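Visitor: Below you will find the structure I want to go over with you.
Computed from the coordinates by the stated procedures, all read-outs in this text should not be read as laboratory data. Nothing here was measured: the structure is a model prediction, and the numbers come from that model. Positions of Cβ are generated from backbone atoms using ideal geometry, with glycine treated the same way; all protein chains shown enter the neighbour counts.
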Amino acid sequence: MSYDIALQRLAATLKTTTAELAGLESLTPEQVDQLNTIMVNALHQQHEAMKEAIDRGLDHVPSLLRGAVKKIVRG
């Protein structure tokens, strides 16, 4: 894989531009790809943790309001 492709994939994962990632130029394409994999996994874990926290928080909301609050909180 080329460095540019790996950097574009990482930029897409981080929702930024490749110009913002210019400081990573000393990394090899494999290292950039590994960093992308780590970031994808971390973002997935963060998303799952947030879902669990919301669900635990909803336990404190009265059941009649829970559906409406869930829509507001989750978007």
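Visitor: Divide by every residue of the chain the summed helix terms, -39500 (n - 2.57) for each DSSP H run of at least 4, and state the resulting mean residue ellipticity at 222 nm, rounded to the nearest 500 deg cm²/dmol.
Guide: Details: 3 runs with 54 residues, N = 75.
Per the formula, -24500 deg cm²/dmol.
Visitor: Under the Karplus relation 6.51 cos²θ - 1.76 cosθ + 1.60, θ = phi - 60°, what is the ordered set of whole-Hz ³J(HN,Hα) values for region 27-41, x standing for Gly and Pro?
Guide: The phi angles translate into 7, 7, x, 5, 5, 5, 5, 5, 4, 4, 4, 4, 5, 4, 5 Hz.
Visitor: When the label point is put 7 Å from the Cα of Ala12 along its Cα-to-beta-carbon vector, which residues of region 40-60 have a backbone N closer than 16 Å?
Guide: Correct set: 40-41.
Visitor: Another question, if that's okay. Testing the spin-label approximation: label points 7 Å from Cα along Cα→Cβ at Leu64 and Ala22. State their distance in nm.
Guide: Label-label distance for Leu64 and Ala22, simple model: 5.9 nm.
Visitor: If I take the Cα coordinates of the chain and project them onto the principal axes, what are the three extents in Å, biggest first?
Guide: Cα spread of the chain along its principal axes, largest to smallest: 55, 18, 18 Å.
Visitor: Considering only Val61, Thr16, Leu27, whose Cα is most displaced toward the positive end of the charge dipole of the chain, charges sitting on Cβ of Lys, Arg (+1) and Asp, Glu (-1)?
Guide: Val61
Visitor: Then there is this: Could you derive backbone 3J(HN,Hα) for region 55-71 from the dihedral phi with the Karplus parameters 6.51, -1.76 and 1.60 (θ = phi - 60°), listing whole Hz in sequence and x where the residue is Gly or Pro?
Guide: Rounded to whole hertz, the list is 4, 5, x, 5, 5, 8, 9, x, 4, 5, 9, 4, x, 5, 5, 4, 5.
Visitor: Go through region 2-13 residue by residue and turn each phi into a ³J(HN,Hα) via Karplus (6.51, -1.76, 1.60, θ = phi - 60°); whole Hz please, and just put x for glycine and proline.
Guide: Here the 3J(HN,Hα) series is 7, 4, 4, 5, 4, 5, 5, 5, 5, 4, 5, 4 Hz.
Visitor: To continue, here is another question. Relative contact order of the chain: what whole-number percent is it, with Cα pairs under 8 angstrom and at least 6 residues apart?
Guide: Values: 37 pairs, mean separation 20.1, N = 75.
Averaging sequence separation for qualifying contacts and normalising by length gives 27 percent for the chain.
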